[in-house]
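First the structure, in the form of structure tokens, and then the observations on it.
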Amino acid sequence: RAGPAALAQARPLRGDLTDPRDWPRADLVTASYALAEIAGGRLDAVVEALWASCSGVLILVEPGTPDGWSRILRARSLVLAQGGRALAPCPHDQPCPVQAPDWCHFSQRLPRSRDHRAAKGGSLAYEDEKFAWVALARAEVAAGERRARILAPPHRSKPAITLKLCTTEGALESRTVPKRDKAPFAQARRLDWGDPV
């Protein structure tokens, strides 16, 4: 209630994702770590209901595992088939070029509290959370220029940096930036897993 107007005016709703009869429409709809809880046979209907309730952007986040990625991939395909378009991390609306046993996922370093460390039996003060995600938009939503995205930690060696990219054409590409190309190399040194290029 003390936050920005959009949050202060928010109306929390409780409901069953598998029973979306009275979902309101919203500019932004998110489902984070929720699709894994839906039985496989109901997943398509839930994704379609989430998309139907979305008048702008739908963001889905799942664990960064092959199973999490397959749910994201399935949801992406369903929404694209209904006229949506991919905003991120995919820089295209083509079929995903990533093939098993590889999968598309990213990582975020999160701090761990003392209680969190104790609960997980961890000794480190941080955890690297792996996740898969997609942002999908209605055709009328304005979006910036699409750019290739880095799909893995950059491989840094003394003479060059190699980036694994998903391109705007819907292909995977390995791009090597040699140290002798000073300006591009300096730019590549600042890039990380998940960044657009």
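The table below gives the values:
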| quantity | calculated |
| --- | --- |
| Which numbered condition residue 139 misses (of (1) in a strand (DSSP E or B); (2) touching a residue at least 24 places away in the same chain (Cβ under 8 Å)) | (1) |
| Exclusive hit being in contact with a Pro (Cβ under 8 Å, 6 or more places away or on another chain) and of a type in the set (A, V, I, L, M), set 13, 43 | 13 |
| Flag if residue 17 is hydrophobic (A, V, I, L, M, F, W, C), surrounded by 16 or more Cβ atoms within 10 Å (Cβ to Cβ), touching an Asp or Glu at 6+ places or on another chain (Cβ under 9 Å) and under 30 Å from residue 96 (Cα atoms) | yes |
| Sole residue being closer than 25 Å to residue 143 by Cβ, among the hydrophobic types (A, V, I, L, M, F, W, C) and in contact with a Ser or Thr (Cβ under 6 Å, 6 or more places away or on another chain), chosen from 23, 51 | 23 |
| Filtered residue count, segment 33-67, keeping only those that are in contact (Cβ under 8 Å) with a residue 60 or more places away in the chain and outside any helix (DSSP H, G or I) | 12 |
| Residue check, residue 70 among the hydroxyl-bearing types (Ser, Thr, Tyr), touching a residue at least 40 places away in the same chain (Cβ under 8 Å) and open to solvent by less than 60 Å² (accessible area, probe 1.4 Å) | no |
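The values are calculated or read from the model by the stated rules, or taken from the named source; none is laboratory data. All values derive from a computational prediction rather than experimental measurement. Virtual Cβ from ideal backbone geometry, glycine too; neighbours counted across all protein chains shown. Surface accessibility is based on the protein's heavy atoms, side chains included, excluding ligands, DNA and RNA. Shrake-Rupley method; radii C 1.70, N 1.55, O 1.52, S 1.80 Å.
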